[in-house]
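Participant: Let me give you the structure first, and then I'll get to my questions.
The values are calculated or read from the model by the stated rules, or taken from the named source; none is laboratory data. Remember, predicted model here, so these are calculated numbers, not experimental data. With ideal geometry, Cβ positions are generated from the backbone for all residues, glycine too; neighbour counts draw on all protein chains shown. Only protein heavy atoms, including side chains, enter the accessible area calculation; ligands, DNA and RNA are left aside. Shrake-Rupley method; radii C 1.70, N 1.55, O 1.52, S 1.80 Å.
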Amino acid sequence: MTVSLNRRAFVKSSVLAGAAISLSARQYSRVYGANSRLGIASVGTGGKGWSDLIGVAASPEVDVLALCDIDNSLPYLGQAADKYKAAIQYQDWRKLLDESKDLQGIIVSTPDFMHAPISLAAMQLGMHVFCQKPLTHTVFEARQMQIAANKYNVVTQMCNQIQSHSAYRTAVNIVHSGKIGKVSEVHAWQGGTPTWPRNTPKPTGSDPVPKTIRWDLWQGVAPERAYKVEMYHPFNWRGWQDYGTGQLGDFGCHILDPVFKSLKLSSPIKLRAEAPALLPESWTDRATVYYEFPGTEYTLGTTLPVTWYDATGALPPREKLIGIPMDYELPTVGSVLVGEKGSLLIPHVAMPKLFPEEKFDVNDIEVLPDVDHYTQWADACRGVGETTSHFNYASPLTETVLLGTIGIRFPGVELTWDAKALTIPNHSKAQQWLTKPYRKGWEPTWI
Ligand SMILES: NC(=O)c1ccc[n+]([C@@H]2O[C@H](COP(=O)([O-])OP(=O)(O)OC[C@H]3O[C@@H](n4cnc5c(N)ncnc54)[C@H](O)[C@@H]3O)[C@@H](O)[C@H]2O)c1
């Protein structure tokens, strides 16, 4: 994509010349350390972006210097601009990056399909990145994010913020403490009903674009299409393949997070999905994805089956959840780790529970405190502490989730995954979905 101004051009040529592109952010955190302040920008200031911005700016060491949103009405750019009056306002993130000389960090809270293009460009400028989940829209983009974070040595954090809540931290600690022994299988589910469009054909016709919205900028790297009121912006973009990642993409990086963290998983070796045939434009309303991972120090046997279920009311087969009584009311969203000594139920955002109940003393469970996922990133950017959902962790998690969305395109077919080579060696058609075409003039600069 074309970013015209000088700083970007300078940085690109520095990279080509072999210079360290990330000097500004890196030097900043290393030289000034804990006494420094952190100047940040926020891109996508409405929706979840609003609480991302408030969360990061809760650090007294953070200065909000720039705000960007394609919609300048009150709920979007408007309310952020009201709160952070000194911040420069933008509607085009490319212009923000071009003029970003005082910025050390960026929050990216746009819809999924714009995470990688914005974050990669920012990392190429040496900026630290706090990016929403799922980290990216394609598997290839997720790998690029990891490579970039390491190459430019920037501080990164994906916003799967429940990871830092007491509930998920406690669950991970229970597994690491050995209470349930080694784990032989995992079941994870999202049984809620999304409000965004699913199994829907592409809308016809067009609506006038409100004056506050820059529709061309919203579409960014995606193929162009006509604006329709409340069909895409805000929130409902989730249901469309060009923009979102469906229910697995929306929740996988949350629900599978304590599974990954506790069992130290990284990449599956194969997967198979069961789902209705996908319409060309929208995501499905139900899917089951069977993953197989290599075993780790916390798992039993050489491989670990992990199954994902999503549909209204979806739950795993009860007989698989060893130790949990058949009539026990499971949460709508959560996971169960079946271990040698017991099963661990991890509801989404609620305290974990051990089964069989009579075997475990609740007073014997160490409850870990919350950590602030947002200021953890701001602190780490300033050289204080480290993030826990950095891209070396978040990219493989996102790759796994997005591989599941590729599986959904080929129901019933077993896909093998070569993580090192970034290939699906047994299925050339599935392999094509690891990446996607980009709108002309908006192609990201890959690492
Ligand atoms: N971590 C969580 O718990 C959580 C919760 C909700 C959403 N999310 C994630 O947050 C992201 C945003 O979701 P949402 O529900 O807030 O969506 P939304 O559509 O409601 O809000 C997106 C915001 O970004 C702005 N925007 C869109 N494209 C932009 C662009 N190119 N440049 C600048 N601004 C742009 C929109 O105007 C809006 O203000 C998604 O990736 C979603 O998965 C995470």
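Participant: Only residues that are over 28 Å from the mean Cα position of the chain (by Cα) and polar (S, T, N, Q): list them for the range 180-211, please.
Facilitator: 204, 206, listed by residue number.
Participant: Within the set of pairs 6+ apart or on separate chains, which have a first residue in the range 64-86 that is closer than 13 Å to residue 49 by Cα, a second that is among the aromatic types (Phe, Trp, Tyr), and C-beta atoms under 6 Å apart?
Facilitator: Once the first residue is closer than 13 Å to residue 49 by Cα and sits in the range 64-86, its partners that are among the aromatic types (Phe, Trp, Tyr) give 68/90; 68/93; 69/76; 70/218.
Participant: Looking for whichever is under 30 Å from residue 217 (Cα atoms) and in contact with a Leu (Cβ under 7 Å, 6 or more places away or on another chain) here; the options are 397, 354. Which one fits?
Facilitator: It is 397.
Participant: Considering only residues that are away from the ligand (no atom under 12 Å from the Cβ) and either basic (Lys, Arg) or over 30 Å from residue 346 (Cα atoms) (or both), which ones fall in the range 223-241?
Facilitator: Within the range 223-241, 223, 224, 225, 226, 227, 228, 229 meet the criteria.
Participant: Condition first: open to solvent by less than 20 Å² (accessible area, probe 1.4 Å) and over 21 Å from residue 211 (Cβ atoms). Now tell me which residues in the range 70-90 satisfy that.
Facilitator: Listed by number, the list holds a single entry, 87.
Participant: Going through the range 177-205 one residue at a time, which ones are in contact with a Phe, Trp or Tyr (Cβ under 6 Å, 6 or more places away or on another chain) and exposed (fewer than 14 other Cβ atoms within 10 Å of the Cβ)?
Facilitator: The answer is none; no residue qualifies.
Participant: Right, another one. Condition first: away from the ligand (no atom under 11 Å from the Cβ) and among the β-branched types (Val, Ile, Thr). Now tell me which residues in the range 242-276 satisfy that.
Facilitator: 255, 259, 269
Participant: Right, another one. Regarding residue 220, is this residue within 11 Å of the ligand (Cβ to nearest atom) and either over 18 Å from residue 49 (Cα atoms) or out of contact with any strand residue (DSSP E or B) (no Cβ under 9 Å at 6 or more places or on another chain) (or both)?
Facilitator: So residue 220 passes the test.
Participant: How many of the residues in the range 68-90 are within 7 Å of the ligand (Cβ to nearest atom), touching a strand residue (DSSP E or B) at 6+ places or on another chain (Cβ under 8 Å) and farther than 24 Å from residue 380 by Cα?
Facilitator: Here the count works out to 3.
Participant: Applying the selection to the range 402-415, what residues are open to solvent by 40 Å² or more (accessible area, probe 1.4 Å) and on the phi < 0 side of the Ramachandran plot?
Facilitator: 409, 411, 413, 414
Participant: Consider residue 214 against the criteria (1) within 11 Å of the ligand (Cβ to nearest atom); (2) closer than 20 Å to residue 74 by Cβ; (3) open to solvent by less than 50 Å² (accessible area, probe 1.4 Å): it satisfies all of them except one. Which criterion is unmet?
Facilitator: Condition not satisfied by residue 214: (3).
Participant: Test residue 119 against the stated conditions and say whether it is in contact with a Cys (Cβ under 6 Å, 6 or more places away or on another chain) and hydroxyl-bearing (Ser, Thr, Tyr).
Facilitator: Taking the combined requirement at face value, the residue satisfies it.
Participant: Let me ask something else. Scan the range 159-168 and tell me whether some residue there is within 16 Å of the ligand (Cβ to nearest atom), buried (at least 22 other Cβ atoms within 10 Å of the Cβ), part of a loop (DSSP other than H, G, I, E, B) and not hydrophobic (A, V, I, L, M, F, W, C).
Facilitator: yes
Participant: Now a separate question. Whether any residue in the range 332-352 is within 15 Å of residue 251 (Cα to Cα) and of a type in the set (Asp, Glu) is what I want to check.
Facilitator: Scanning the range 332-352, I find no residue that is within 15 Å of residue 251 (Cα to Cα) and of a type in the set (Asp, Glu), so the answer is no.
Participant: Pull up the range 119-148, narrow it to residues that are in contact with a strand residue (DSSP E or B) (Cβ under 6 Å, 6 or more places away or on another chain) and open to solvent by 10 Å² or more (accessible area, probe 1.4 Å), then point me to the one that is nearest to the ligand (Cβ to nearest atom).
Facilitator: The extreme case among them is 132.
Participant: Still on this model: What are the residues in the range 30-52 that are modelled with pLDDT under 95 and open to solvent by less than 20 Å² (accessible area, probe 1.4 Å), if any?
Facilitator: 33, 36
Participant: Within the range 91-111, track down each residue that is open to solvent by less than 20 Å² (accessible area, probe 1.4 Å) and within 24 Å of the chain's Cα centre (by Cα).
Facilitator: Once the filter is applied, which keeps residues that are open to solvent by less than 20 Å² (accessible area, probe 1.4 Å) and within 24 Å of the chain's Cα centre (by Cα), the range 91-111 yields 93, 96, 97, 103, 105, 106, 107, 108, 109.
Participant: Would you mind telling me which numbered condition in (1) crowded, with 24+ Cβ neighbours inside 10 Å; (2) within 9 Å of the ligand (Cβ to nearest atom) residue 116 fails?
Facilitator: That leaves (2) as the condition not met.
Participant: Give me a count of the residues in the range 230-259 that are assigned to a helix (DSSP H, G or I), closer than 21 Å to residue 199 by Cβ and among the acidic types (Asp, Glu).
Facilitator: Qualifying residue count, the range 230-259: 1.
Participant: Here is a further query. Could you check, for the range 318-329, whether at least one of its residues is at positive phi, crowded, with 17+ Cβ neighbours inside 10 Å and touching a helix residue (DSSP H, G or I) at 6+ places or on another chain (Cβ under 9 Å)?
Facilitator: Checked the range 318-329: at least one residue is at positive phi, crowded, with 17+ Cβ neighbours inside 10 Å and touching a helix residue (DSSP H, G or I) at 6+ places or on another chain (Cβ under 9 Å).
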